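**Q** For reference, the structure I am asking about is given below.
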Amino acid sequence: MFYESLLLIGVLFIGFLLPHVALGIGLQILLPTGWLYLHILLLLGGYFVWNWHRNGRTLAMQTWKLRLVSITGEAPTPGQLMTRFVLAWPSILFLGAGLIWAVFDRDRQFLHDRLAGTRLVLAS
């Protein structure tokens, strides 16, 4: 997660900060806070869902040789990917409760993976 966070700094810089700085300086437009949060959410969602859909992993997951699959071992559906992304937020933000869940889960799955019908596997 730490490595993924470092990569997301670049994604947010290019996809969020640069456009909003250009809007602010060039056109003197400042969007309301709610729109800014929505932009961040859509940007991060697009990054994760697109990478998971494209090849089952993000750049950080490639480094650690992890792949996201459905519980049947096939490529997850777009609905499963979006569900996983949405459920990962409370899983992480509630003091990592959804991550700690994996310690007690019989298949060692995170709570958001269990609920979305996905799982992380080692890729060859």
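The values are calculated or read from the model by the stated rules, or taken from the named source; none is laboratory data. These numbers come from a predicted model, not from an experiment. Positions of Cβ are generated from backbone atoms using ideal geometry, with glycine treated the same way; all protein chains shown enter the neighbour counts.
**Q** Residues being more than 14 Å from the chain's Cα centre (by Cα) and part of a helix (DSSP H, G or I): count how many of those fall in region 84-97.
**A** 1
**Q** Out of the residues in region 71-120 that are of a type in the set (A, V, I, L, M) and in contact with a Ser or Thr (Cβ under 6 Å, 6 or more places away or on another chain), which is nearest to Ser5 (Cα to Cα)?
**A** Leu111
**Q** Among the numbered criteria (1) over 24 Å from Ser124 (Cβ atoms); (2) in a helix (DSSP H, G or I); (3) of a type in the set (A, V, I, L, M, F, W, C), which one does Trp52 miss?
**A** Condition not satisfied by Trp52: (1).
**Q** Can we say Arg67 is modelled with pLDDT of 95 or more, of a type in the set (D, E, K, R) and in contact with a helix residue (DSSP H, G or I) (Cβ under 8 Å, 6 or more places away or on another chain)?
**A** The answer is yes for Arg67.
**Q** Now a separate question. For region 106-124, what are the residues that are crowded, with 17+ Cβ neighbours inside 10 Å and part of a strand (DSSP E or B)?
**A** Correct list: Thr118, Arg119, Leu120.
**Q** Follow-up. Kindly establish whether Leu81 is over 14 Å from the mean Cα position of the chain (by Cα), part of a helix (DSSP H, G or I) and either modelled with pLDDT of 95 or more or acidic (Asp, Glu) (or both).
**A** So Leu81 does not fit the description; no.
**Q** Scan region 75-85 residue by residue and report those that are surrounded by 15 or more Cβ atoms within 10 Å (Cβ to Cβ) and more than 14 Å from Arg114 (Cβ to Cβ).
**A** Those that are surrounded by 15 or more Cβ atoms within 10 Å (Cβ to Cβ) and more than 14 Å from Arg114 (Cβ to Cβ): Ala75, Leu81, Met82, Phe85.
**Q** Only one of Ile92, Ile40, Ile71, Ile100 is closer than 23 Å to His112 by Cβ and in contact with a His (Cβ under 9 Å, 6 or more places away or on another chain); which?
**A** Only one candidate qualifies: Ile92.
**Q** Residues Leu7, Leu44, Leu12, Leu36: which one is surrounded by 13 or more Cβ atoms within 10 Å (Cβ to Cβ), under 11 Å from the mean Cα position of the chain (by Cα) and part of a helix (DSSP H, G or I)?
**A** Leu44 is the lone residue from the list that is surrounded by 13 or more Cβ atoms within 10 Å (Cβ to Cβ), under 11 Å from the mean Cα position of the chain (by Cα) and part of a helix (DSSP H, G or I).
**Q** Take region 50-68 and flag every residue that is buried (at least 17 other Cβ atoms within 10 Å of the Cβ), within 17 Å of Gln80 (Cβ to Cβ) and not basic (Lys, Arg).
**A** Within region 50-68, Asn51, Trp52, Gly56, Thr58, Met61, Leu68 qualify.
**Q** Conditions: (1) of a type in the set (A, V, I, L, M); (2) surrounded by 12 or more Cβ atoms within 10 Å (Cβ to Cβ); (3) modelled with pLDDT of 95 or more. Val103 meets all but one. Number of the miss?
**A** That leaves (2) as the condition not met.
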